[in-house]
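Written below as structure tokens is the structure these notes are about.
The values are calculated or read from the model by the stated rules, or taken from the named source; none is laboratory data. As the structure is a prediction and not an experimental result, all values here were calculated from the model. Note that each Cβ is placed from the backbone with ideal geometry, even for glycine, and that neighbours are counted across all protein chains shown. Side chains included, ligands, DNA and RNA excluded: accessible areas come from the protein's heavy atoms. Shrake-Rupley method; radii C 1.70, N 1.55, O 1.52, S 1.80 Å.
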Amino acid sequence: DQEVLQHYTSSLVAARDLSNEEGGGDMSAHVPNENDITTTSQSSSSTTTGKLGQRGWSSPASRLVVLVPENARRLPPNLPLTSMVLLSTKMMRCLANLVRGKVAYIVPGEVGLDELQLASKLNIPLLGVEPGIAAALATKGGQRSIFETADAATPVGAHNLRSVREAFLVIGRLIVEYRDISRWIFKIDTETGSRGHAVLDVQRLACYVSSSNNLTNATITSNGSGGVLLTAEAVTRELAELAPKKIKIIHPEAYPDWISFMNMFDSVGGSVEAYPPGKVIASPTVNLFIDPHTGIPDVCSVVENVHSPSLTVLGHVYPPPCLLNNDTSNEVASSSSSSLPRVPYHVLRDAAIAIGASAYRRRVIGYCSVDFVVFLKPPAAPHTATTGEGAAGGLGVSTSTSSSAPRLRIWAVDIDLRLTDGACMHKYVSCIAGCTSPSPDPTTGLSYYPKYTPSAGGVNKKVSISSRGAALRYIYSGLLHHPYIGAVRHTAYFNKCRQRSSVAYSIQDRTGVIFHLVDSLLRGCIGMVGVGPTYSACIDSLADALQILQSDLPSHVDGASEGSNLANFTTALKILASAHNNRNRSTVSTK
């Protein structure tokens, strides 16, 4: 179901891009017969096309077609969407009729042989990476090769490791050499996100704690006495004997014990990387589009990730509060002027574009997203090895003239070679909000509302599509799961939301909450996008929508034990509110 929604959103984005290229010309297609295939629900379709019509699209009902494979209910529910399409003959016939004689292409999610077969049967191009290249670059080592070619700063570590034993031998040397790093992450090659991660805290190693002074002396000694090798061997030996007690698995639901994690690591390989040796400020993601003709990467958006305690990305904040830009509008300027460290937008933009250019040289085209981590690196202690970062020693942003002050550092940590949920949602919100341009401003990295002036009838009148209004701001929750969301009465819940002014979406002001539904609430999940003129308005609207939802859920049920992430996002929203209030207080005291 999530892949169906992603395909739907991708189709919407592709339709809009083609419409822009053709000057808004009609892209109407042959609508399939009801006897051939199932279409989306009437209410969902009318709501979507109604909002697109308000944003200036001509005849949106005839230009947007959502198809569902007729065999979806008879096939295994965990089967990929592309496989379902290939196994549904009526669906294939409808798709062939829709694209015949038109400019069309496929925007895939994860690219595999099925996607290649679908493109071949429909005789239309695939806007993505070839399956063989995608498989090679999807590994941690493949991603690292892209970063190194781009001369981007990356965490120190080792990649293309074939077994846990080899990882223990490597990490023993790394712990001795890089004393400023207190945590190391084991990563399984074929996993995404933080699912295949396990963390080692060096303070839990008895040999590290008991021989700290000896380790320091060994680090600065180069007389060939063998101190470094002896210490590295001690670390490796302790890990081999006590790994289940020393290493914490991030997702025990995927790997319940160390044996299962080790077996998967030995089967597919993995890597070892350093955790940032300082206070993590932010984890922004730059969404790129690599033009298949010119190879020039274009920045589509920059969002900041909202994480759960297990390092899983829950949702996104736009624009990232960590960015320093030249915008002079209200809250952006005030947050940039606070005493907290900020990342210049051009630094993040240039690093992402360099990585995109490196990916294109490896035949990557279409959409991709680059994940960064921003942290304050403390000054190096005497006789301590400095952290090695990337091919050029790392990317640093000076925030102080004092050599003893912490220094802002940026690492590139991951890359997704597809159109991600965050990139999809940004395009959708920008479309609904009627932003002046599909791409952010190249100087500030912000998207803007068009400028409106009040008319005599009390209705806002657009001045010019090129005239800027306020900057767009939103917070996206991602899909929130709970076992009892399906029991919530749809009509009652949404009526309560409409009665709450902070939640109800205003077409005129383009603020409020946009709900992200997968078919219906019966699927047990819902997403929310809080759109507002300020971060505070976005936070308040989402908090109110969550409060209404939680009031309809049974209080005696522990959703977290059944895989719910609702409590995690509620906590993350409170942290965002607290951080925003601290920035405001800092700004007031500075003034």
Karplus ³J(HN,Hα) for the range 135-152 (6.51 cos²θ - 1.76 cosθ + 1.60, θ = phi - 60°; Hz, whole; x = Gly/Pro) runs 5, 6, 8, 6, 6, 4, x, x, 5, 4, 5, 5, 5, 5, 5, 7, 6, 8
Going from most exposed to least, what order do LEU472, LEU122 have by accessible area with a 1.4 Å probe?
LEU122, LEU472
Taking the dipole about the Cα centre of the range 113-218, with the C-beta of Lys and Arg at +1 and of Asp and Glu at -1, give me whichever of SER145, GLN117, VAL156 is farthest to the positive side.
VAL156
Could you sort ARG418, ARG500, ARG489 by their accessible area in this structure, using a 1.4 Å probe and putting the largest first?
ARG489, ARG500, ARG418
Counting only protein heavy atoms and leaving out ligands, DNA and RNA, the solvent-accessible surface of LYS451 at a 1.4 Å probe, in Å² to the nearest 10, equals 100 Å²
Rolling a 1.4 angstrom probe over the protein chains, ignoring ligands and nucleic acids, what is the accessible area of GLU110 in square angstrom, nearest 10?
120 Å²
Report PHE289's accessible area, 1.4 Å probe, all protein chains in place, as a number in Å² to the nearest 10.
50 Å²
Mind ranking 435-444, 540-549 by how tightly packed they are, going by the mean number of other C-beta atoms within 10 angstrom, highest first?
540-549, 435-444
Output the peptides 305-312, 291-298, 151-158 sorted from most to least packed, where packing is the average of other Cβ atoms within 10 Å over each peptide's residues.
151-158, 305-312, 291-298
For ARG173, ARG362, the accessible-area ranking with a 1.4 Å probe, largest leading, is ARG173, ARG362
